[in-house]
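Asks: What follows is a single structure, and I will ask about it in a moment.
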Amino acid sequence: MLVPPDPSPRPADEISGASPAAAADGTTSDGAASAVSLTPPPPTPPTPAASGTEAATPRRRRRFWPIVLTVVVVAFVIGAATVPLPYYLYRPGSVRDTEPLIAVDGAEVYASDGTISYTTVSLRQATLFGLASGWIDDDVDVVPRDEVLGGRDADENRTLNMQMMDTSKQVATQVALERLGHPVDVSITGETVVEVIPDMPADGVLEPGDTITAVDGEPLDDPDDLTRLLGDEAPGDEVTVTVQSPESAAERDVELALAADPDDPERAIMGVRPSPRGVDFDFPFDVVIDTGDVGGPSAGLAFTLAIIDDLTPGDLTGGAKVAVTGTIAGDGSVGPVGGTGQKAAAVRAGDYDAFLVPSADYQAALGRAGDVEVVAVDTLAEALAALADLGGNADDLPAVGDPDPAG
């Protein structure tokens, strides 16, 4: 009886009658060549775990990293643009005509063709992007925070600058009216320290914001008292200085050995830049100067010249556009200011004819003023002479101390 072959199929790679060794080289056990199937084995179907987790993980990672990178870049940009750093940026500010700001009540005012303008700087705390702009732009200076604030916070610094502007306007009015022959009575309650000069006697003893109320027991109640009292001393002499701090009305006495002024070795100094506190002026008529929210004392000389121009016929500038910076003291002396380079850049952009600056700031202004004529002055008299050289009528003003012929 014939038995039918086993219907169950052999694996595709199985060779009938062949030993494992024969299968390896494609021969049968009797030496005859055997045909070997070359059909590749079917792929093993993926397991659910491989298709559901392992294959998806790389794709998920590839999508995740761009999101992380984007978040990091956005956070960096926001931080670089908004997070304040311990530096400030001095940028060119504005140049403002003084004539629209001055109002006089009780005296005649005269129009003029020229302009006398005061200058400002833009002062902002730096961010990382701001620092980059300061390093790139020659008209922007980067200054450490401590040099700007002098131990004060931003609000205290703002308050101090507004006080100095108010005092500056009053002193400018005083000096202008006295130059035109009008008597002005002035009293103060002390001298507030605006700046302490490094390596001078006051360094480490006095701080910006302290007010000197007396020297050797003599009260400071006149703007000239501090200069007068120190004028009686010599370098090396010791003086007793009575001081009030901004936080308390209590007074304390400190001993200072005076140093020689680097510019005048025979003159004794403490090493501070003061500003009168509690100044009270008795003017013969009202002069109001509206400066808005601008602070600081650097417009003093500009206001002095502008008031003189308003109260006298003719044109103090000869029709020229003149920008001015510099503090003004009760004796008519002109003091240095900050940010002169930035102010010169603003004057240059405004196409002015001349820029009057304190002698100490001359080089800083000259380097950034372009074609604008820069003139160094140290007193009101020198400023008036400079305007006369531009074609103004300063030579027609009354002699110092003479009554104003126009008033």
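All of the numbers you see were taken from the coordinates with simple rules; none came from a lab. Predicted model, so just to flag it, every value in this text is computed and none were measured. Using ideal geometry, Cβ is built from the backbone for each residue, glycine included, and neighbour counts are taken over all protein chains shown.
Asks: In nm, to one decimal, how far is the Ala249 label point from the Phe283 one, both placed 7 Å along Cα→Cβ?
Replies: Each label point is offset 7 Å from its Cα along the Cβ direction, giving 2.9 nm.
Asks: Provide the gained length on full extension for the span Glu373 to Arg124, in nm with one decimal, where the gain is 0.36 nm per separating residue minus the Cα-Cα distance. Show your work: numbers first, answer last.
Replies: Working: separation 249, 0.36 × 249 = 89.64 nm, distance 2.86 nm.
Taking 0.36 nm per residue and subtracting the Cα distance, the gain is 86.8 nm.
Asks: Continuing with the same structure: Sort all Cα-Cα distances of region 291-405 into consecutive 10 angstrom bins from zero, then give the percent of pairs in each bin up to the one containing the longest distance.
Replies: Pairs per bin, as whole percents: 15, 47, 32, 6, 0.
Asks: Also, quick follow-up: Could you compute Rg(Cα) / (2.2 N^0.38 Å) for region 100-244, with N its residue count?
Replies: Values: Rg = 20.0 Å, N = 145, 2.2 N^0.38 = 14.6 Å.
Taking the Cα Rg and dividing by 2.2 N^0.38 Å, one obtains 1.37.
Asks: Tell me, what is a quarter of the convex hull surface for the C-alpha atoms of region 156-212, in nm² with one decimal?
Replies: Values: hull surface 20.2 nm².
Averaging across all directions leaves 5.1 nm² for the Cα convex hull.
Asks: What is the extension gain from Thr189 to Asp97, computed as 0.36 nm multiplied by their sequence separation minus the C-alpha to C-alpha distance, in nm to one decimal?
Replies: Gain on extension, Thr189 to Asp97, equals 29.9 nm.
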